[in-house]
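Step one of this worksheet: look at the structure below.
Any read-out appearing in this document is the output of simple, stated calculations on the displayed coordinates, not a laboratory observation. All values derive from a computational prediction rather than experimental measurement.
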């Protein structure tokens, strides 16, 4: 009899269980046995899909990046003005963070992966975010966005949403739809270049 083929459904169940346990206990706060129980599979089944815990975490991080990129760019229209493109991406990111609370809560865990893994995942993320890179490039050329490297623009504009979403989910702050609009506008202002300002030094409405 040939060995059973790995099931995509079981792989997904293991991923979902890992995210829940990571958010609750951290990387080293749960055992493979606990993971198997949470996923509803036999302990040995996990090793059909992943070599070890580290392999599981790396694969999970890659899957999260893929899902994050896909959600961020959903409905993206490169024909819109740059600010509107940016606003749409930011709204998508916020929605992803709120709708995937376990991922948002365990984001800090992935920030402590080994440096070589982080560099590889960083490159992988940018490969998927080409529309955002193009937005930044066009913004720099037209001076609508500050002449700063992509990663610095991300740190001023996109990364704060991950922090704010977690604070919102923890009930430390509350962000309603009106406040979210103001936050998105403020994050645009943080990266907007001189061509985005009117003659009075103010940012025009687009």
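Dividing the mean sequence gap of close Cα pairs (under 8 Å, 6+ apart) by how many residues segment 53-125 holds gives a relative contact order of 37 percent.
Residues considered: 172, 184, 93. Largest GNM mean-square fluctuation over the chain, using C-alpha springs under 10 Å, is found at 172.
Based on Cα contacts under 8 Å between residues 6+ apart, segment 12-154 shows a relative contact order of 24 percent. Note on the chain: GNM, Cα springs under 10 Å; of 62, 142, 18, the largest mean-square fluctuation is that of 142.
Against the main long axis of the alpha-carbon atoms of the chain, helix 53-72 sits at an angle near 30°. Taking the centroid of alpha carbons for each part, segment 62-84 and segment 126-182 are 12 Å apart. For segment 1-132, the gyration tensor built on C-alpha atoms gives a prolate shape. Its axis ratio a/c (a ≥ b ≥ c) is at least 1.5, and a/b is the larger of a/b and b/c. Does segment 65-196 classify as rounded, prolate or oblate by the C-alpha gyration tensor (a ≥ b ≥ c root eigenvalues; a/c under 1.5 gives rounded; else a/b over b/c gives prolate, otherwise oblate)? Judged from the Cα gyration tensor, segment 65-196 comes out oblate (a/c at least 1.5, b/c at or above a/b). Of 157, 196, 120, the residue with the greatest mean-square motion in the GNM of the chain, using alpha carbon springs below 10 Å, is 120. For the chain, the longest principal axis of the C-alpha atoms and the axis of helix 159-169 are separated by about 60°.
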